[in-house]
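The values are calculated or read from the model by the stated rules, or taken from the named source; none is laboratory data. This structure is a prediction, so every number in the text was calculated from the model and none was measured. Don't worry about glycine lacking a Cβ; one is built from the backbone with ideal geometry, like all the others, and counts go over all protein chains shown. Ligands, DNA and RNA are excluded from the accessible area calculation, which covers all protein heavy atoms including side chains. Shrake-Rupley method; radii C 1.70, N 1.55, O 1.52, S 1.80 Å.
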Amino acid sequence: MSHIIINGRPVYLKREGKGEPVFLLHAAGSSGIQWRMISEILKERYLLYIPDLYGEGKTPALEDWSSLLDEETNLIRHLIDSTGGSVHLVGHSYGGVIAMRLALSDQHRIASLTLIEPVVFNLLRNVEPTGEKNHI
């Protein structure tokens, strides 16, 4: 459990366990603490990365919220890069949106994707009846 600096900004990150890396991305209005009970089980088998996203938990908010989703996606991408391999992503609600974006842009780095109630309203608006035009 510590604050790390990414792109000049402090980010709270809990890292615990051993094994393949699993990223647990929390919902908006929450923090990494939402994963407390499940992390007790998973840490016996996986190396867990549990960040507090910007403005949540112990991570300070961004001054400019206009690029929040891009900044948080880049934050998680940076953490994934630090593992040196592929990772498992688990995202709840807003965290699921970040996980989906990474799965689409960094497919070669994602071993698995688990989404819990992802907020995909914008995605649904941008999908044609044929399934084409998929933008996140």
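Of note:
- Contacts under 8 angstrom Cβ, first residue in segment 83-94 being more than 13 Å from D106 (Cα to Cα), partner among the charged types (D, E, K, R) and in a strand (DSSP E or B), 6 or more apart: none
- Cross-chain or 6+ apart pairs with Cβ under 6 Å, segment 1-29 first and closer than 19 Å to T114 by Cβ, then assigned to a loop (DSSP other than H, G, I, E, B): K14/M1; E16/K43; G17/K43; G19/R45; A27/S93
- Residue within segment 69-89 that is closer than 14 Å to K14 by Cβ, in contact with a Ser or Thr (Cβ under 7 Å, 6 or more places away or on another chain) and open to solvent by less than 50 Å² (accessible area, probe 1.4 Å) present: no
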